[in-house]
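**Q** The structure is given below, and queries will be raised subsequently.
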Amino acid sequence: MSGIQEWIYHWTEGAGNRSLKFVLLLLSVVGLAAVYDVRVWRNFEQPDTMELAQLGRNLARGEGYVTRSIHPLCVYLLQKQAVVQAEAARRKLPADESQWTAEQRQAFEAVLAPARLGGPMPEVRHPPVYPALLAGLMKLWPLDEVISGEGRPTRHLPELAIVLLNQALFFVLVWLAYTLARRLLDENVAWLTAVVLMGTELLWRFSMSGGSTLLVMVWVLALVWCLVWMERGAEEFCGGWRMAGLAALTGLVLGAGVLTRYAFAWLAAPVVVFLVAHLGVRRWLALGVTLLVAAAVVAPWLWRNYQLTGAFFGAASYVVYEGTPSFPATTLPRSLQPDFTHVEALDLPLKLVQGLRQVVPQDMPQMGGTWVSAFFLVGLLVPFRRPVLSRLRLFTLLSLLFLAAVQALIASPRTTGREVSPENVLVWLTPLVVMFGVALFYTVLDQARAAVWEARPLFVGGFILIAVAPLVVKLLPPRSPMMAYPPYAPRVIQAVSAWMQPEELMMSDIPWAVAWYGQRTCCWLPLNSEADFQAIHRQHPVKALYLTPQTLDNRFLTQWVQGENQGWGMFIAQCLLRQEVPTGFPLKHAYADLFPEQLFLTDRERWKAPAAP
């Protein structure tokens, strides 16, 4: 009899009950993921996502951390730094090149090699952690990348694998938020936090986007766990070695976050404030170890970037200038010779103010795409009895202020779908915002009159229904289009890329898509069709030009004549209206079947020859 009672207790109140809840949570996420993937599948449409994916594939194939999506700005930075290093190397060699040994000549050529066009180039825009994770996935799960199926959209299998990986990260995120809420608050708050997060439609869209945002959110919660452990250790006066170990773990997580997304470095400031303000006599030990470990993690990568580009964050160092009066629209990343002498002192402050005009009234009230964030904002006026909760809420608020400024500064005109783009850094705090919002909901519910207790399940159910309503509406028919066209038509991109040899250079207005779907090296369309195009063509012959509605659907006056594509305006007008290539342009042959929605020019009629492997 006692054995039966122990068994019942184990599965109702003991460890077995927690295991059942874990399994229930896992099955709920898996089931919801299956339904969402069937109803809302859509191929990648964020440029950064496709660039990260092709970086992971290049790593998995043993090619190194190189990219086939070439940005003119990156070419400029790589070549400028290569010239500096070549001059330094030449000073150490004999003045007469005929006296150089074979080893000396080979070493000198190696200095110039990273900056040469014609093949994959060193990646200097994105940090390596997420591409390395994708590389491991693609190594373990190699998939056919050919998109088959005539007349209907089909799923790109590598994209499906990346989406499933992100949905696994989503489950880890929900579980971390559940355990954190259970540790700091209670079981009811923990479960409602998990349910609201699972029902947040914006997070599901991030999982479908294939970007690194969900991994960054996992790092944020891991960082919060480290701070909670250190705060508890300070209260219990734990030994110096234990505190140093926790601080080292915090530094490791902080460094991993920076190597996943450079903007994560801004969270170092709230971490420093938390450590100094709340760890008592151990504050300086914890602070020193945390910063030293974080610096040790990121320093080799930052030095690698500096060696290649002269900037510790590579081309990402210049993203704050995109969209300023000196570099409107996409002119900076497409500049082969950017002139930074024209940058005004007020450019960045103006961009910050203009960005905050959208972030503060629009993005902050809708953090995480759920109205539960309103409970968090109201809850700032309600004190907590436990000091750790007040301290963690202060950390969240400070992080929110820093990330709001970051989101305003890194806004890029080339990003599509701002809400689900890498520029949405406020979403990183969604689990914490939801947890504190749910805590306020239960605080209000607990303080209500006794008559409300009978209707308590109805209030909780209503809270859940309203929170998950956007997801429910998204799953209703009709389903959203599976293909993100315009401008991305994966099957067409694969077809035109197959006409090219692997070592040949293409040019396009969507080079990230050509690199990901077509697996060919492709340069982003430079600012003009004459000087910049010819400068690239002289370094390595451009064998094909592929333009999509991304460019061809632009407004004639504001974008072709006066805007970001004015250097190509007359070229495009002549190709579309007169159906002829301007005199002197080296690519004369057009594939008629794509015209006029798309334009594919090449040096010969490649579609009449067998496709390249």
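The values are calculated or read from the model by the stated rules, or taken from the named source; none is laboratory data. Fair warning: this is a prediction, and the values are worked out from it, not measured in the lab. Cβ sites come from the backbone with ideal geometry, for glycine too, and all protein chains shown count toward neighbours. The accessibility values were calculated without ligands, DNA or RNA, using every heavy atom of the protein model including side chains. Shrake-Rupley method; radii C 1.70, N 1.55, O 1.52, S 1.80 Å.
**Q** With the other protein chains left in place, how much accessible area per residue, in square angstrom, belongs to the chain at a 1.4 angstrom probe? Numbers along the way, then the final one.
**A** On the way: 27240 Å² over 613 residues.
Solvent-accessible surface per residue comes out at 44 Å².
**Q** Leaving out ligands, DNA and RNA, and with a 1.4 Å probe, what % of the accessible surface on segment 459-525 is carbon or sulfur? Mind showing how you got there, number by number?
**A** Numbers: 1800 of 2350 Å².
Carbon with sulfur: 77 percent of the solvent-accessible area.
**Q** Please report, in debye to the nearest 20, how large the charge dipole of the chain is about its Cα centre when each Lys and Arg carries +1 at its beta carbon and each Asp and Glu carries -1 there.
**A** Details: 49 positive and 44 negative charges, 164 e Å.
My answer is approximately 780 debye.
**Q** Now a separate question. Please work out how many pairs of lysine residues in the chain are eight or more positions apart (or on different chains) and have Cα atoms closer than 22 angstrom.
**A** Values: LYS80/LYS92; LYS543/LYS588; LYS543/LYS608; LYS588/LYS608.
Taking the Cα cut-off of 22 Å, the pair count is 4.
**Q** I would also like to ask the following. Could you give the dipole magnitude of segment 173-243 about its Cα centre, charging the beta-carbon of Lys and Arg +1 and that of Asp and Glu -1, in debye to the nearest 20? Walk me through the numbers before you get to the answer.
**A** Details: 5 positive and 6 negative charges, 38 e Å.
The dipole magnitude comes to about 180 debye.
**Q** Can you show me the helix-derived [θ] at 222 nm for the chain, built from DSSP H runs with n ≥ 4 at -39,500 (n - 2.57) apiece and divided by the number of residues, rounded to the nearest 500.
**A** Working: 22 runs with 332 residues, N = 613.
Roughly -17500 deg cm²/dmol at 222 nm, from the helical runs in the chain.
**Q** Which of LEU59, LEU185, LEU140 sits farthest toward the positive end of the charge dipole of segment 43-201, with +1 on the Cβ of Lys and Arg and -1 on the Cβ of Asp and Glu?
**A** LEU59
**Q** I've got another one for you. Contour minus end-to-end for LEU401 and THR583, with contour as 0.36 nm per residue of separation and end-to-end as the Cα-Cα distance?
**A** Values: separation 182, 0.36 × 182 = 65.52 nm, distance 5.41 nm.
That works out to 60.1 nm of additional length.
**Q** Find the relative contact order for segment 484-558 and round it to a whole percent, using C-alpha pairs within less than 8 Å whose residues are 6+ positions apart.
**A** 35
**Q** I want the antiparallel fraction of DSSP beta bridges within the chain, as a percent rounded to 5.
**A** On the way: 9 of 19 bridges.
Bridges in the chain that DSSP calls antiparallel: roughly 45 percent.
**Q** Peptides 460-466, 170-176: what's the order by average Cβ count within 10 Å, highest mean first? Present the calculation step by step, with values, prior to reporting the outcome.
**A** On the way: 460-466: 14.1, 170-176: 20.4.
Result, highest mean first: 170-176, 460-466.
**Q** Let me ask another. What is segment 61-112 by shape, rounded, prolate or oblate, if you read a ≥ b ≥ c off the alpha carbon gyration tensor as root eigenvalues and call it rounded for a/c under 1.5, prolate for a/b larger than b/c, and oblate otherwise? Could you put the intermediate results ahead of the total?
**A** On the way: a/c = 3.88, a/b = 1.77, b/c = 2.19.
Taking the square roots of the gyration eigenvalues as a ≥ b ≥ c, segment 61-112 is oblate.
**Q** Take each of the peptides 49-61, 382-394, average the number of other beta-carbon atoms within 10 Å over its residues, and list them starting from the highest. Show your work: numbers first, answer last.
**A** Working: 49-61: 23.2, 382-394: 14.5.
Highest-to-lowest ranking by the protection proxy: 49-61, 382-394.
**Q** Which shape class, rounded, prolate or oblate, goes with segment 386-436 when its Cα gyration tensor gives a ≥ b ≥ c as root eigenvalues, a/c under 1.5 marks rounded, and past that a/b bigger than b/c marks prolate?
**A** Numbers: a/c = 6.07, a/b = 2.33, b/c = 2.61.
Here segment 386-436 falls in the oblate category.
**Q** Follow-up. For the peptides 571-580, 518-527, what is the packing order when you average, over each peptide's residues, the other Cβ atoms within 10 Å and list the highest mean first? Spell out each step's value before the answer.
**A** On the way: 571-580: 14.3, 518-527: 25.0.
So the order, starting with the most tightly packed, is 518-527, 571-580.
**Q** I would also like to ask the following. How many angstrom lie between the C-alpha centres of segment 270-314 and segment 168-198?
**A** Here the answer is 29 Å between Cα centres.
**Q** Moving on. Kyte-Doolittle mean at least 0.0 and Cα extent at least 30 Å along the axis: which DSSP H helices of the chain qualify?
**A** On the way: long enough: 15-40 (37 Å, 1.25); 157-184 (41 Å, 1.43); 213-235 (33 Å, 1.50); 283-309 (37 Å, 0.93); 387-409 (33 Å, 1.62).
Correct list, ordered by number: 15-40, 157-184, 213-235, 283-309, 387-409.
**Q** Which residue, LEU401, PRO387, THR370, has the largest displacement toward the positive end of the dipole of segment 316-412 when charges sit on each Cβ (Lys, Arg +1; Asp, Glu -1)?
**A** PRO387
**Q** Same structure again: Please sort by residue number the trypsin sites (Lys or Arg not before Pro) in segment 458-513 whose DSSP state is loop and whose Cβ has at most 15 other Cβ atoms within 10 Å. Please report the intermediate quantities before stating the final value.
**A** On the way: sites: LYS474, ARG479, ARG491; in loops: ARG479.
Those satisfying the criteria are ARG479.
**Q** Which one, ALA34, LEU525, LEU352, is farthest towards the positive end of the dipole of the chain when Lys and Arg carry +1 and Asp and Glu -1 on their Cβ?
**A** ALA34
**Q** Hey, got the dipole for segment 25-86? About the Cα centre, +1 on K and R Cβ, -1 on D and E Cβ, debye to the nearest 20? Could the numbers behind the result be given before it?
**A** Values: 6 positive and 5 negative charges, 21 e Å.
Around 100 debye, computed over segment 25-86.
**Q** With the crude spin-label approximation of a point 7 Å out along Cα→Cβ, what separation in nm comes out for GLU605 versus LEU140?
**A** Using points 7 Å along Cα→Cβ, the separation is 5.0 nm.
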